[in-house]
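Q: Take a look at the following structure, please.
The values are calculated or read from the model by the stated rules, or taken from the named source; none is laboratory data. Nothing here was measured: the structure is a model prediction, and the numbers come from that model. All Cβ positions, even for glycine, are placed from backbone atoms using ideal geometry, and neighbour counts span all protein chains on display. Only protein heavy atoms, including side chains, enter the accessible area calculation; ligands, DNA and RNA are left aside. Shrake-Rupley method; radii C 1.70, N 1.55, O 1.52, S 1.80 Å.
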Amino acid sequence: MPSFFTNSSGVQLPMNVQTPMEAARVLQYTWGGGSTAVPDTSKMANGMLFTVPNPLPLVLADGRPVEEVVQEAVLAAKEQGVRGAKITPFLLQRIEKLTAGQSLESNIALIVNNAKTAAEIAGAYAELRGGDCFVPTSSVVDSAVALKHPDDSATKLTGSIKDADVVVIGGAVVDYVAYSKKSAVEDGSAGVDPARFIPGSSNPGTMKISYGGVGRNIAEAIGRLGGCKVALLSSVGADISGQGLLAHAKEQCNIDVAEVAITGGGGASDADSAAGTASYTAIHNGTSGDLIVGIADMDIFHEDISPEYVTRSLAGPLFPPVSDGSTDGRRRSLLLATDGNLSVASFKAVTKLAAMASNRSFNPVDVTLFFDGTSDVKCTLPLLATSMHHVDIIKPNVGELVELVTMLINFNMVPVNSKTVGNILLALRQRRDSSGDVKEGHFQPDSDSFWSIDEVRCLAVALYEAMMYLPSPAILSLRNKNSGSSVDDVEVDRIVKESLLGADIPACYSSSATADSLEPRFANSSASASTIPKHAKPKHVLVTLGPLGVLWISSSTHVLREHVKLSKDVKTGVVPASVAKGITVIEVDDNVSALHIPSCSINQWEIINTSGAGDTFCGTLLHSVSAGGAGSASLSENVSIANILYALRGAKASLMSKTAIPVDLKQMLEETSEVK
């Protein structure tokens with residue numbers, strides 16, 4: 001066995017391997033699993049140590065044996081009372097001094113070679129497992145260069161997303177999840193938690209590192225299903241975490257990351273000040289699974305997913321090139337999805353760009369805007385930006401829906417339609433918990449209270465009506481006052497226009513004949529609130545109810561048409577009766593209807609992971625909506641019972657997977673063509 005500074009310690013080992021592939025085969029044999037199988041985790045309780053010879057062994061200039069110098073340093077440590085974690089740095093510094101710096105060069109060579117060898121073994125092991133184990137490649141890491149943003153604070157991967165079918169804007173996060181476990185010295189006696197967590201001390205446990213973030217997860221689900229091009233707009237740091245996240249997204253998930261911003265130069269001079277890749281660190285009790293503490297470092301999103309960034313990044317798909325200066329007669333469609341990790345100004349810029357592309361008279365691009373609620377704190381972003389009327393599809397859970405409707409009331413952001421106000425008041429009266437009554441004009445919901453599906457329907461209809469009407473001038477004036485944002489509409493308009501002019505868009509969009517192409521234009525923007533018409537294309541509220549399924553609110557025409565179609569498909573045998581079982585339609589009035597779609601049945605023992613079901617639902621839904629886009633006047637027309645059922649199957653697949661987004665999502669959906 002090699003020693004630290006020399007290639008021989010005199011200790012004999014029972015096994016020797018010559019190549020990384022041989023080492024990987026030893027791991028495969030030890031941990032179990034065939035050539036393409038996942039290893040047997042029950043056999044992975046122990047690790048394996050590979051000792052690698054030092055490529056630059058230490059040879060002292062004075063001819064003394066290296067061991068003599070090491071022992072001299074050890075003796076000094078004993079004499080000075082150095083022990084514990086301080087021993088290693090003391091010995092290294094002492095040996096460096098005794099060898100006049102020779103040991104430092106040898107130590108650096110050893111570290112570099114160890115890292116190289118470990119990566120080669122990991123790559124070989126991934127190859128034996130059929131490639132399901134991710135190893136970043138240098139091609140992706142080396143490509144993180146080149147195009148500077150105007151403020152020189154971030155770079156982008158070179159490329160263009162102009163051909164994307166779906167663009168997702170939102171969070172990309174590295175998740176670190178740890179579980180405490182029983183210490184070897186504990187006897188498990190009565191009254192002792194076998195996985196207790198001791199603050200202020202080093203605790204035994206297990207750590208899992210994975211890639212997450214709502215936006216990134218949604219994009220991964222779309223990418224793994226294939227058949228449509230998905231691009232991600234987000235921001236990562238110029239660090240190892242960011243490089244690995246981008247490489248995994250591109251190589252494993254089929255996500256176009258060409259426009260993802262990379263912040264910080266990564267050099268030694270700015271390593272401390274540069275924003276790092278967003279991360280979420282969670283520590284759980286290994287027995288109960290309860291969260292002990294969680295730390296979310298997400299500052300990078302508000303700093304780097306700026307209005308300038310989203311405008312320049314969306315210029316490609318929203319201003320497609322026209323070879324002869326005229327359109328080819330086909331209306332391009334784009335599905336644009338965001339989560340709640342954007343700033344108010346950035347979300348407003350996104351909605352202005354979407355409206356600009358959809359409403360311009362020259363070569364319009366029909367943009368369907370989807371918003372995921374993300375969390376109770378972040379779900380109100382469209383209201384804070386007074387841009388809810390630009391959202392075509394919104395997916396909150398019940399808690400997020402409560403927060404959205406609460407803000408509608410607290411900020412007086414109620415639509416002018418009297419039925420909307422009635423629905424909100426009805427939902428408040430129907431609350432079973434009297435502590436949730438309206439007090440002093442503010443409604444503060446009790447998170448522990450029970451909500452029936454009918455109560456959820458009332459709130460969802462109120463949100464739907466808020467999406468259907470442009471805000472009145474009075475409501476617009478409240479946004480800056482109530483949101484805490486210092487960026488007003490005029491400022492965002494200026495940023496969008498200036499960023500577009502610097503984005504090198506085709507000249508035909510800025511010619512005198514089509515000058516309106518660069519102006520944010522909104523239909524009837526000068527009309528009074530009482531005369532503002534409803535939007536022409538359908539809007540959708542999809543409230544996820546956990547094990548109860550989904551509540552879908554949309555126009556009565558759209559919902560009832562879909563329900564009639566489902567009934568016909570059941571009669572003709574196209575759709576099994578089991579699929580339609582339990583789907584009930586509730587006609588609210590002539591304009592708005594609600595449809596309750598139960599979730600797919602799943603046994604409690606089948607549930608492995610609950611962290612990605614909502615994101616997988618969104619990604620699967622958007623994939624199916626986008627896939628049906630050919631020939632459609634608007635992608636929002638494609639929201640259907642079939643697509644929602646498909647998305648519910650995606651959510652079930654996530655619950656049964658070890659990862660938030662199943663690696664084999666496409667295969668799992670193909671194998672479960674019938675909802676049980």
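Q: Could you give every pair whose Cβ atoms fall below 6 Å, whose first residue belongs to segment 350-362 and is within 21 Å of E308 (Cβ to Cβ) and free of Cβ contacts under 8 Å to residues at least 60 places away in the same chain, and whose second residue is open to solvent by 10 Å² or more (accessible area, probe 1.4 Å) and not polar (S, T, N, Q), counting only separations of at least 6 or pairs across chains?
A: Short answer, once both residue conditions are applied: T351/H390.
Q: Further question on the same structure: Examine segment 335-357 for a residue that is out of contact with any strand residue (DSSP E or B) (no Cβ under 8 Å at 6 or more places or on another chain), modelled with pLDDT under 85 and open to solvent by 10 Å² or more (accessible area, probe 1.4 Å), and state whether such a residue exists.
A: no
Q: If I ask for residues that are modelled with pLDDT under 80, open to solvent by less than 70 Å² (accessible area, probe 1.4 Å) and assigned to a loop (DSSP other than H, G, I, E, B), which ones from segment 573-588 would you list?
A: Once the filter is applied, which keeps residues that are modelled with pLDDT under 80, open to solvent by less than 70 Å² (accessible area, probe 1.4 Å) and assigned to a loop (DSSP other than H, G, I, E, B), segment 573-588 yields G573, V575, P576, V588.
Q: Now, a different point. Pairs please, first residue from segment 283-296 and more than 13 Å from K181 (Cβ to Cβ) and modelled with pLDDT under 80, second anywhere and of a type in the set (K, R) and surrounded by fewer than 16 Cβ atoms within 10 Å (Cβ to Cβ), Cβ atoms under 9 Å, 6+ apart in sequence or on different chains.
A: Note: no pairs meet the criteria.
Q: Quick check on my filter: what residues within segment 205-232 are basic (K, R) and assigned to a helix (DSSP H, G or I)?
A: Residues satisfying the conditions are R216, R224.
Q: What's the number of the condition W605 fails, among (1) under 16 Å from I644 (Cβ atoms); (2) open to solvent by 50 Å² or more (accessible area, probe 1.4 Å)?
A: Every listed condition holds for W605 apart from (1).
Q: Taking the criterion of being at pLDDT below 80, open to solvent by 80 Å² or more (accessible area, probe 1.4 Å) and not aliphatic (A, V, I, L, M), would at least one residue in segment 93-109 satisfy it?
A: no
Q: Any residue in segment 407-429 that is at pLDDT below 60, under 16 Å from V541 (Cβ atoms) and among the hydroxyl-bearing types (S, T, Y)?
A: Yes, segment 407-429 contains at least one residue that is at pLDDT below 60, under 16 Å from V541 (Cβ atoms) and among the hydroxyl-bearing types (S, T, Y).
Q: Going through segment 65-100 one residue at a time, which ones are under 12 Å from F5 (Cβ atoms) and in a helix (DSSP H, G or I)? Reasoning before the result, please.
A: At the first step, the residues of segment 65-100 found to be under 12 Å from F5 (Cβ atoms) are 65-70, 73, 91-92, 95-96, 98-99.
Once the filter is applied, which keeps residues that are under 12 Å from F5 (Cβ atoms) and in a helix (DSSP H, G or I), segment 65-100 yields V66, E67, E68, V69, V70, A73, L91, L92, I95, E96, L98.
Yes/no per residue for (1) on the phi < 0 side of the Ramachandran plot; (2) in contact with a Pro (Cβ under 9 Å, 6 or more places away or on another chain); (3) modelled with pLDDT of 60 or more:
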position: V112; (1), (2), (3): yes, yes, yes
position: A115; (1), (2), (3): yes, no, yes
position: S139; (1), (2), (3): yes, no, no
position: H149; (1), (2), (3): yes, no, no
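Q: Residue check: is V564 assigned to a helix (DSSP H, G or I) and open to solvent by less than 20 Å² (accessible area, probe 1.4 Å)?
A: On the way: assigned to a helix (DSSP H, G or I): yes; open to solvent by less than 20 Å² (accessible area, probe 1.4 Å): no.
No, not satisfied.
Q: Quick check on my filter: what residues within segment 370-382 are among the aliphatic types (A, V, I, L, M) and buried (at least 24 other Cβ atoms within 10 Å of the Cβ)? Steps first, answer last, please.
A: From segment 370-382, those among the aliphatic types (A, V, I, L, M) are 377, 381; that's our starting set.
Matches in segment 370-382: L381 only.
Q: So, one more: Given (1) touching a helix residue (DSSP H, G or I) at 6+ places or on another chain (Cβ under 6 Å); (2) at pLDDT below 90; (3) of a type outside the set (D, E), identify the lone condition not met by S326.
A: (1)
Q: If you take the residues of segment 228-240 that are over 15 Å from the mean Cα position of the chain (by Cα) and more than 15 Å from A164 (Cα to Cα), which of them is least open to solvent (accessible area, probe 1.4 Å)? Before you say what the answer is, go through the steps one by one.
A: Filtering segment 228-240 for residues over 15 Å from the mean Cα position of the chain (by Cα) gives 228-229, 237-240.
Subsequent filtering for residues that are more than 15 Å from A164 (Cα to Cα) retains 237-240.
Details: G237: 2, A238: 41, D239: 48, I240: 134 Å².
Among those that are over 15 Å from the mean Cα position of the chain (by Cα) and more than 15 Å from A164 (Cα to Cα), it is G237.
Q: Given the criteria modelled with pLDDT under 85, under 24 Å from V214 (Cβ atoms), outside any helix (DSSP H, G or I) and within 27 Å of the chain's Cα centre (by Cα), does T374 qualify?
A: Numbers: modelled with pLDDT under 85: no; under 24 Å from V214 (Cβ atoms): yes; outside any helix (DSSP H, G or I): yes; within 27 Å of the chain's Cα centre (by Cα): yes.
For T374, the condition - modelled with pLDDT under 85, under 24 Å from V214 (Cβ atoms), outside any helix (DSSP H, G or I) and within 27 Å of the chain's Cα centre (by Cα) - is not met.
Q: Being closer than 20 Å to I222 by Cα, touching a Leu at 6+ places or on another chain (Cβ under 8 Å) and hydroxyl-bearing (S, T, Y), is that true of even one residue in segment 575-593? Can you show your working first?
A: Within segment 575-593, the subset closer than 20 Å to I222 by Cα is none.
No: segment 575-593 contains no residue that is closer than 20 Å to I222 by Cα, touching a Leu at 6+ places or on another chain (Cβ under 8 Å) and hydroxyl-bearing (S, T, Y).
Q: Return the pairs, sorted by first residue and then second, in which the second residue is assigned to a loop (DSSP other than H, G, I, E, B) and at pLDDT below 90, the first residue lies in segment 250-279 and is among the polar types (S, T, N, Q) and surrounded by fewer than 16 Cβ atoms within 10 Å (Cβ to Cβ), the beta carbons are less than 8 Å apart, and the residues are 6+ apart or on different chains.
A: Once the first residue is among the polar types (S, T, N, Q) and surrounded by fewer than 16 Cβ atoms within 10 Å (Cβ to Cβ) and sits in segment 250-279, its partners that are assigned to a loop (DSSP other than H, G, I, E, B) and at pLDDT below 90 give S273/G264.
Q: Something else about it: Could you figure out which of (1) modelled with pLDDT of 55 or more; (2) of a type outside the set (S, T, N, Q); (3) open to solvent by 50 Å² or more (accessible area, probe 1.4 Å) isn't true of A164?
A: Only one criterion in (1) modelled with pLDDT of 55 or more; (2) of a type outside the set (S, T, N, Q); (3) open to solvent by 50 Å² or more (accessible area, probe 1.4 Å) is unmet by A164, namely (3).
Q: May I pose another question? Of everything in segment 608-631, what is open to solvent by 30 Å² or more (accessible area, probe 1.4 Å), more than 21 Å from M656 (Cα to Cα) and touching a residue at least 12 places away in the same chain (Cβ under 8 Å)? Give them in sequence order.
A: Residues of segment 608-631 that are open to solvent by 30 Å² or more (accessible area, probe 1.4 Å), as a first pass: 608, 610-611, 614, 627-628, 630-631.
With more than 21 Å from M656 (Cα to Cα) added as a condition, the list becomes 627-628, 630-631.
A627, G628 - these are the residues of segment 608-631 that are open to solvent by 30 Å² or more (accessible area, probe 1.4 Å), more than 21 Å from M656 (Cα to Cα) and touching a residue at least 12 places away in the same chain (Cβ under 8 Å).
Quick grid of which residues meet (1) in contact with a helix residue (DSSP H, G or I) (Cβ under 6 Å, 6 or more places away or on another chain); (2) at pLDDT below 90; (3) open to solvent by 80 Å² or more (accessible area, probe 1.4 Å):
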{"residue": "S511", "(1), (2), (3)": "no, yes, no"}
{"residue": "S517", "(1), (2), (3)": "yes, yes, no"}
{"residue": "P520", "(1), (2), (3)": "yes, yes, no"}
{"residue": "S530", "(1), (2), (3)": "no, yes, yes"}
{"residue": "K537", "(1), (2), (3)": "yes, yes, no"}
{"residue": "V541", "(1), (2), (3)": "yes, no, no"}
{"residue": "G549", "(1), (2), (3)": "no, no, no"}
{"residue": "H558", "(1), (2), (3)": "no, yes, no"}
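Q: Please go through segment 206-227 and pick out each residue that is open to solvent by 20 Å² or more (accessible area, probe 1.4 Å) and over 23 Å from C379 (Cα atoms). Break it down into steps so the answer makes sense when it comes.
A: If we filter segment 206-227 for residues that are open to solvent by 20 Å² or more (accessible area, probe 1.4 Å), which is where we start, we get 206-211, 214, 224, 226-227.
Answer for segment 206-227, where residues must be open to solvent by 20 Å² or more (accessible area, probe 1.4 Å) and over 23 Å from C379 (Cα atoms): T206, M207, K208, I209, S210, R224, G226, G227.
Q: Same structure, new question: Return yes when A653 is more than 21 Å from the chain's Cα centre (by Cα), in a helix (DSSP H, G or I) and of a type outside the set (S, T, N, Q) and no when it is not. Step through it out loud before you land on a result.
A: Numbers: more than 21 Å from the chain's Cα centre (by Cα): no; in a helix (DSSP H, G or I): yes; of a type outside the set (S, T, N, Q): yes.
So A653 fails the test.
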